[in-house]
Structures are given as structure tokens and as C-alpha cells.
1. Taking residue 73 as the residue in question, decide whether it is of a type in the set (A, V, I, L, M) and in contact (Cβ under 8 Å) with a residue 40 or more places away in the chain.
2. Select from segment 79-96 the residues that are part of a loop (DSSP other than H, G, I, E, B) and open to solvent by less than 10 Å² (accessible area, probe 1.4 Å) and write down the one among them that is farthest from residue 134 (Cα to Cα).
3. State all residues of segment 9-32 that are within 18 Å of residue 84 (Cα to Cα), open to solvent by 80 Å² or more (accessible area, probe 1.4 Å) and outside any loop (DSSP other than H, G, I, E, B); if no residue qualifies, say none.
4. In segment 49-61, which residues are part of a loop (DSSP other than H, G, I, E, B) and open to solvent by 90 Å² or more (accessible area, probe 1.4 Å)?
5. How many residues, within segment 133-147, are open to solvent by 40 Å² or more (accessible area, probe 1.4 Å) and part of a helix (DSSP H, G or I)?
6. Just to be sure, is residue 64 assigned to a loop (DSSP other than H, G, I, E, B) and of a type in the set (D, E, K, R)?
7. Answer with yes or no whether residue 46 is closer than 20 Å to residue 8 by Cα, open to solvent by 40 Å² or more (accessible area, probe 1.4 Å) and touching a Lys or Arg at 6+ places or on another chain (Cβ under 9 Å).
Amino acid sequence: MLILYYSNSGTTARAAQHIQAKTNGKLIELDINPAYPTEYDLVTEISKQQIDSDTHPQITNLPDLTDEKTIFIGFPIWYQRPPMFVNTFFEQSDLTGKTVIPFATSMSTPMSANTAFLEEMAENSGATLQTGFLANSNDTIDHYLSDRALLK
């Protein structure tokens, strides 16, 4: 099991670390190029520009996924959708036969708002895309993992 994530403010990082502790999966923070600024107003401006121009930033440390069966992909929700680097993940990865479980953090947007975007991204990837979940609290994460028998 592998947990890939990007975190701008630390919230998604804490969720990813909790998933790792509960599943004993490998944990990798994704490096995005160009890097997102940490200041909120700037990151929202950049993310909106990427959406409008359909820009898919590079992931510079995407690992070899050959031996992975289940891959969590974690991200903050920006503009009621996954950041554009999530497109890059599906484009750059050989996900044939893999199960991909998205998790996200947002205080205002439900995970269901991301479903259509994620389904489109995964459509030709060979992955089995699971329904994702908002990872805003440890209780929510634990409930999701328990319901799917993913706890260590």
C-alpha cells in the first residue's frame, strides 16, 4: 500500500500521516514543479490559472508503482476540484490493475464534487478508482479505512 500526497498548509500531510499509521503503507509527499506558493492568495491564483489553461504541473518524484496494488492519492481541494497535478498523476503512472483511493481535505467542498473530475482522469489509466473520502478528521479516516478492511 502506498500513500501519495501533496499538502500546501499541512492539513493533507497530517491526514496522509494518519492513513500511513493506520495502514502501515509507504508514505511519499509529492514534489510539484513548478512548486505552489505557500501563501493562500497566491496558491489560489496559480491553481485557477492552471485550471483555466489546462496546465498539468510535473510531479518530479513519482515513484515506480510496479509493486503497488493500492495507492492512496491525497490533495487539497481547490476551486471545488482536485488540483491539476492529480491529472499528471493519472497521465504519468501505469495504473493497470491498481486500486486508486483519492482522499482530500477541504472545509467547504464535499468529496462528491471531485467525483466526475477523478472519473475522467482515471478513465483510460487502467486503474480501479474507488470512491474517495474527505480526510478532515482522524475519525473520518478511521471509519473509511475500517469499512474497507484497510487497517493494518
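The values are calculated or read from the model by the stated rules, or taken from the named source; none is laboratory data. This is a predicted model, so every value here is computed, not measured. With ideal geometry, Cβ positions are generated from the backbone for all residues, glycine too; neighbour counts draw on all protein chains shown. Note: accessible area is taken over every heavy atom of the protein model, side chains too, but ligands, DNA and RNA are not part of it. Shrake-Rupley method; radii C 1.70, N 1.55, O 1.52, S 1.80 Å.
1. It is true that residue 73 is of a type in the set (A, V, I, L, M) and in contact (Cβ under 8 Å) with a residue 40 or more places away in the chain.
2. Ranking the candidates gives 95 first.
3. Result: 29, single match.
4. 54
5. Selection size over segment 133-147: 7.
6. Taking the combined requirement at face value, the residue satisfies it.
7. no
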